[in-house]
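Colleague: Before anything else, here's the structure in question.
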Amino acid sequence: MGHSKTNQGLFALVTLSGTKKRLLAGAAVSATIAAFCALAPHILVYRIMVSLTVPGGDAGDTRTIETLALAAAGFTLLRYLLMFIAAIFSHMAAFQILYGLRKALARHLGTLPMGYFSANRAGKLKKILYEDVARIETFIAHHIPDIVAGILVPLTVVGFLFFVNVPMAVVALLPLPLAFFTQQKAFKNKGREQYHDALETMNAAIIEYVRGMPVVKIFNQSAQSFAWLTSAVTSYRKFIRRLALDAGPSWAAFITITASGLAFILPFGIWFYMAGWITLPVLFLFLMLGSSYMAPLFRLAAIGGQMGQISEGMKRIRGVLSAQSLKRPARPVYPVSPSKQACLRFNHVCFAFGEKPVIHDLSFTLKPGTVTALVGPSGAGKSTVAGLIMRYWQPLAGTIELNHIPTDNLAMETLMDQIGFVGQDPFIFNDTVYENIRMGHPEAGAEQVKAAAKAAQCLEFIYRLPQGFDTPVGDGGKIHLSGGEKQRITLARIILKDAPLIVLDEATAFADARNEALIQQAFSRIIEQKTVLVIAHRLSSVKDADNILVMDQGRLVQQGRHPELMAQGGIYRNMWQAYNSARNWTLKGGGHA
């Protein structure tokens, strides 16, 4: 089973390499000629020795000897030149293939449902995108020329040695079966899948540990106290140690055998020479070539040891590329002109994360030009509803309609053009403030960007930045924005986008009281004539909504305006009373000044 998977991975790797046939063909041809050029000096030195030692040779013809010597030097220089050319061709092919592969992975990841990322940790995807793809570069850029040389050089050398002297050629081949046996034993089924699993787990643990550093610091913890990280690193270390201990003796034996060709050739060669069965030039030829032909085999064996890891990585890359994308319509609907208002309707929608039901038979309508609030206890499914609108996930049953068209029938680009979304965790890219805002509308001019920033109450802090709108921000920038500032940058994007449907998932979560009031005041003007869905825990911010949807455990349990819901009682009134109690709560002193 594992062998079959390896073959599939290797086949996919060879298929991938074939996308740059011309460059790789140039690398293979150059490496082949270079391999023969590496043999030529040995043969020419053999000819010189024959000329100098064999009676009737060209010992007195210095011109012939000089010509042979210069030819040997020329072949040596040509060999290194061709090796350089082969490396250039193979690296060009490798980097172009890697660029295309990473681009394809990134593009495909963008089409996958959010559930895929919940089931696959960031550490696993990082390893596939970076480390597994990088191993392919090693195969294409370095191994292809080495494989060509590793096959052609030994075959050519052995054929030539048999042509010169059959008994000595048999002696030179004695280490070969021993080397093959030890190499196979060293790399036989060494848990390639377990290696990748252990590495992915360790990567995920490290990423989580770094992200959780503030909590680790607050509670004065250490890396050793972070149980998952400690367990993942320890498991990886144990696996690598066991792998090294298992393969070490056989690999050491293989290295010893491939480097000990002279141990076989020298005693037999002296014996044959003393017996008069071979000449001195033949003895020196076998001492030069009889041991050197093993060097390419050593490189082939090293490649063979890595091929299992490379093919396993290729299998995982194919696993990402074959992951099921969100369902796309066979014949997507493209509205003739974008609507200035939006009508959104949920029709008996059901959804589950794996086997855990989250949304049950949910139906509601967002009327054009109205503000609808979605409230409920934590875990009620409010953010999941927002994700379903954005098609982060696919409903298990029911339909979601935008302007009476099922969103499943809309092209993803069309759907995204109609929606402006602000989530709970605002994300700022490693770019300037200007480009972060302009992402909402890439064709927008400077005045439009400035107007959106002003509407989102951003100008006050932007003009305090060292370079204003041109200040680099984000994780890679020198300036780090506060949570509220990030939230307002995200709001500016949505304002600039000017979409007919706006979804706000706790959009003022990071704003203080003053900024929240400013943002809401600006938004009250901007959302005129638009359809808005607001997900909020601060009930005071949505009590004036045109309609309030109350969810509990994935079900719609109440809806109406604030006075109506207060009159009905139930969950909404209980939440409102709890909210007011929390808002009026104060911290009392313990009698100390």
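Colleague: Would you pull out the residues with amide H under 5 Å of PHE353's amide H, same chain only if 5 or more places away, H placed 1.01 Å from N?
Modeller: HN-HN under 5 Å from PHE353: VAL358.
Colleague: Enumerate the calculated ³J(HN,Hα) couplings along the stretch 554-559 in order (Karplus 6.51 cos²θ - 1.76 cosθ + 1.60, θ = phi - 60°), each rounded to whole Hz, writing x wherever the residue is Gly or Pro.
Modeller: Ordered by residue, 3J(HN,Hα) equals x, 10, 7, 9, 8, 7 Hz.
Colleague: Amide H to amide H, which residues 5 or more places from ALA397 or on other chains are under 5 Å from it, using H placed in the peptide plane?
Modeller: The answer is CYS350.
Colleague: Show me, for the stretch 129-142, the HN-Hα J-couplings you get by feeding each phi into the Karplus relation (A = 6.51, B = -1.76, C = 1.60, θ = phi - 60°), rounded to Hz, glycine and proline as x.
Modeller: 5, 9, 6, 5, 5, 5, 5, 5, 4, 4, 5, 6, 6, 10
Colleague: With the Cα gyration tensor of the stretch 396-446 in hand, convert its eigenvalues to equivalent ellipsoid semi-axes via √(5λ) and list them largest first in whole Å.
Modeller: Its equivalent ellipsoid spans semi-axes of 29, 14, 8 Å.
Colleague: Please work out, to two decimal places, the log10 of the ratio I(q)/I(0) at q = 0.14, 0.18, 0.22 Å⁻¹ from a Debye calculation in which every Cα of the stretch 25-138 carries one identical scatterer.
Modeller: For the stretch 25-138, the Cα-only Debye profile gives -0.73, -0.91, -1.09.
Colleague: Give me the accessible area per residue for the stretch 410-449, probe 1.4 Å, as a whole number in Å². Could you put the intermediate results ahead of the total?
Modeller: Working: 1970 Å² over 40 residues.
About 49 Å² of surface per residue is accessible.
Colleague: Where the centroid of each part is defined by its Cα atoms, how far is the stretch 105-173 from the stretch 339-368 in Å?
Modeller: Spelled out, the Cα-based centre of one part sits 49 Å from the other.
Colleague: While we're here: For THR370, which sequence-distant residues (separation of 5 or more, or a different chain) have an amide H within less than 5 Å of its own amide H, given hydrogens modelled in the peptide plane?
Modeller: VAL532
Colleague: What list of ³J(HN,Hα) couplings, whole Hz, do you get for the stretch 198-207 from phi and the Karplus terms 6.51, -1.76, 1.60, once you set θ to phi - 60° and write x for glycine and proline?
Modeller: Here the 3J(HN,Hα) series is 5, 5, 5, 5, 5, 4, 4, 5, 5, 4 Hz.
The values are calculated or read from the model by the stated rules, or taken from the named source; none is laboratory data. Quick caveat: nothing in here was measured; it's all calculated off a predicted structure. Ligands, DNA and RNA are excluded from the accessible area calculation, which covers all protein heavy atoms including side chains. Shrake-Rupley method; radii C 1.70, N 1.55, O 1.52, S 1.80 Å.
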